[in-house]
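Here the structure comes first, spelled out in structure tokens, and everything after it is commentary.
The values are calculated or read from the model by the stated rules, or taken from the named source; none is laboratory data. Note that the structure is predicted; figures quoted are calculated from it, not measured. No Cβ is skipped: glycine too gets one built from the backbone with ideal geometry, and neighbour counts run over all protein chains shown.
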Amino acid sequence: MDSTESTAARLRTTQWVVIAAWIVAFTVLTIMDLNHRIEIRRSPWGFALGLISALLHGIWISLDARILDRKVGAWRFAAFFLGPLAIWAWLSWMYGRKALYMIPVSLAIYAIPIGQLVVADMLGFITIEVAQGRP
């Protein structure tokens, strides 16, 4: 493997680490936020979740641009502010037809933490209640 291929492989591995970090952060911070909502308290966890998600989306798109040897430019900021929408636009723009399977894979990745929360609720580890309005 030459240095370009090894760098691309290292960056792809880093991308998967970023995805795993997002899944863990999303799950943990959502559980912490839900626990505070049950106690009817405001919490910083929802804000932290949004900020960390935005940062990790920006990091992911920056890594992908480096792998493709392109300048990331405004895409990083689009990913920061628009999240998945910018990622899907990037995939469509940069990968063309490959995006037809990459976007559903990304949807599956976004579904992982939601599935974890649903299973944790079914097992009784957390309680997910839908707010019916304030008294």
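Details
- Residue that is nearest to the chain's Cα centre (by Cα), among those in segment 50-82 that are over 16 Å from Arg12 (Cβ atoms) and among the basic types (Lys, Arg): Arg76
- Counting only helices (runs of 4 or more DSSP H) that fall entirely inside segment 7-121 and contain at least 3 residues that are in contact with a His (Cβ under 9 Å, 6 or more places away or on another chain), the qualifying elements are 75-82, 84-95.
- Members of segment 1-50 that are at pLDDT below 90, among the polar types (S, T, N, Q) and surrounded by 15 or more Cβ atoms within 10 Å (Cβ to Cβ): Thr30, Ser43
- Neighbours by Cβ (under 6 Å, 6+ apart or cross-chain): first from segment 62-79, of a type in the set (S, T, N, Q); second modelled with pLDDT of 90 or more and assigned to a helix (DSSP H, G or I): Ser62/Arg76
- All positions within segment 88-98 that are of a type in the set (Gly, Ala, Ser) and under 16 Å from Ala78 (Cβ atoms): Ala89, Ser92
- Meets criteria (farther than 17 Å from Pro113 by Cβ and under 14 Å from the mean Cα position of the chain (by Cα)) for Phe47: no
- Remark: pairs (first residue in segment 35-50, over 17 Å from Asp121 (Cβ atoms); second residue of a type in the set (D, E, K, R) and at pLDDT below 75; Cβ separation under 8 Å; 6+ apart in sequence or on different chains) = Ser43/Arg37.
- Scanning segment 7-51 for residues that are more than 26 Å from Ile67 (Cα to Cα) and among the charged types (D, E, K, R) yields Asp33, Arg37, Glu39, Arg41, Arg42.
- Out of Trp60, Trp93, sole residue that is among the aromatic types (Phe, Trp, Tyr) and more than 16 Å from Val105 (Cβ to Cβ): Trp93
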